[in-house]
Amino acid sequence: MKINPIETARLRLRGFAPADADFAIGIWNDPEMGEYLLDETMETVSDEYRRQIEALGEDEECCYLIAEDKATGERIGTCSFIPENGVYDIAYCVHKKFWRQGYATEMVGGMIGHAKEQGAKKMTIVISDENAASNAIARKFGFHVAETLIEKKRGSGREFTDHKYELEL
């Protein structure tokens with residue numbers, strides 16, 4: 001799904017391109033940065049998986065974005081949303097080089113602003129119970145826990161307790 005870039009104070013959330021695949025895999029499949037994600041472990045990344053990641057910019061249901069510094073163009077992280085029936089389900093991940101600098105908060109705020117502009121009625125986000133920073137961001141924006149889920153990380157069998165948060169817009 002393609003959209004015009006979303007601008008925040010420091011970031012441009014732009015469409016995912018095939019050249020972004022290595023950056024995304026480096027975050028999502030890294031043991032530390034991707035710890036709370038369901039993506040497979042780095043050891044199980046296949047050529048087929050890489051091709052799937054390279055094609056994310058062409059996905060018609062999910063809008064995959066790269067968050068980049070507006071001043072330098074440096075990639076900061078990834079984010080995405082799936083709009084369906086007035087509900088935007090969002091996700092995000094920041095490269096550890098940029099942790100604790102407010103970028104995740106800025107990415108979420110940008111996606112909330114975009115969803116509101118598009119007439120969304122609600123937003124959802126799934127966050128691991130163990131991910132204190134992301135849980136704090138959700139609460140900061142007024143999200144509330146709507147459901148608790150048990151999910152498994154692909155390729156490892158590790159189970160997570162996740163919270164599905166909702167925000168009425």
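The values are calculated or read from the model by the stated rules, or taken from the named source; none is laboratory data. Owing to the predicted nature of the structure, the values given are computational and were not obtained by experimental measurement. For neighbour counting, all protein chains shown are included, and Cβ atoms are generated from backbone atoms with ideal geometry for every residue, glycine included. Quick note on the areas: whole protein, heavy atoms, side chains included, nothing else; ligands and nucleic acids left out. Shrake-Rupley method; radii C 1.70, N 1.55, O 1.52, S 1.80 Å.
The table below gives the values:
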| item | result |
| --- | --- |
| Residue within the range 126-136 that is of a type outside the set (S, T, N, Q), touching a Ser or Thr at 6+ places or on another chain (Cβ under 6 Å) and farther than 20 Å from Arg10 by Cα present | yes |
| Any hit, the range 136-155, residues being of a type in the set (S, T, N, Q) and either under 26 Å from Ile25 (Cβ atoms) or modelled with pLDDT of 95 or more (or both) | no |
| Set Cys62, Cys93: member being under 16 Å from the mean Cα position of the chain (by Cα), closer than 16 Å to Met123 by Cβ and either exposed (fewer than 13 other Cβ atoms within 10 Å of the Cβ) or in contact (Cβ under 8 Å) with a residue 60 or more places away in the chain (or both) | Cys62 |
| Conditions (1) surrounded by 13 or more Cβ atoms within 10 Å (Cβ to Cβ); (2) out of contact with any strand residue (DSSP E or B) (no Cβ under 7 Å at 6 or more places or on another chain); (3) touching a residue at least 60 places away in the same chain (Cβ under 8 Å): number failed by Ala71 | (1) |
| All strands (runs of 3 or more DSSP E) inside the range 34-150 with 3 or more residues being under 16 Å from Tyr165 (Cα atoms) | 75-84, 87-94, 122-128 |
| Any hit, the range 146-168, residues being touching a Gly at 6+ places or on another chain (Cβ under 8 Å) and in contact (Cβ under 8 Å) with a residue 40 or more places away in the chain | yes |
| Test: residue in the range 98-105 that is open to solvent by 50 Å² or more (accessible area, probe 1.4 Å), at pLDDT 95 or above and farther than 23 Å from Ser134 by Cβ | no |
| Residue, nearest to Ala71 (Cα to Cα), within the range 6-22, restricted to residues that are in contact (Cβ under 8 Å) with a residue 60 or more places away in the chain and either open to solvent by less than 70 Å² (accessible area, probe 1.4 Å) or of a type in the set (Ser, Thr, Tyr) (or both) | Leu11 |
| Single unsatisfied condition, Lys122 versus (1) without any contact (Cβ under 8 Å) to a residue 60 or more places away in the chain; (2) of a type outside the set (Ser, Thr, Tyr); (3) open to solvent by less than 40 Å² (accessible area, probe 1.4 Å) | (3) |
| Checking Gly57 against (1) open to solvent by less than 40 Å² (accessible area, probe 1.4 Å); (2) out of contact with any strand residue (DSSP E or B) (no Cβ under 9 Å at 6 or more places or on another chain); (3) more than 26 Å from Lys140 (Cα to Cα); (4) modelled with pLDDT of 95 or more, the condition it does not meet | (2) |
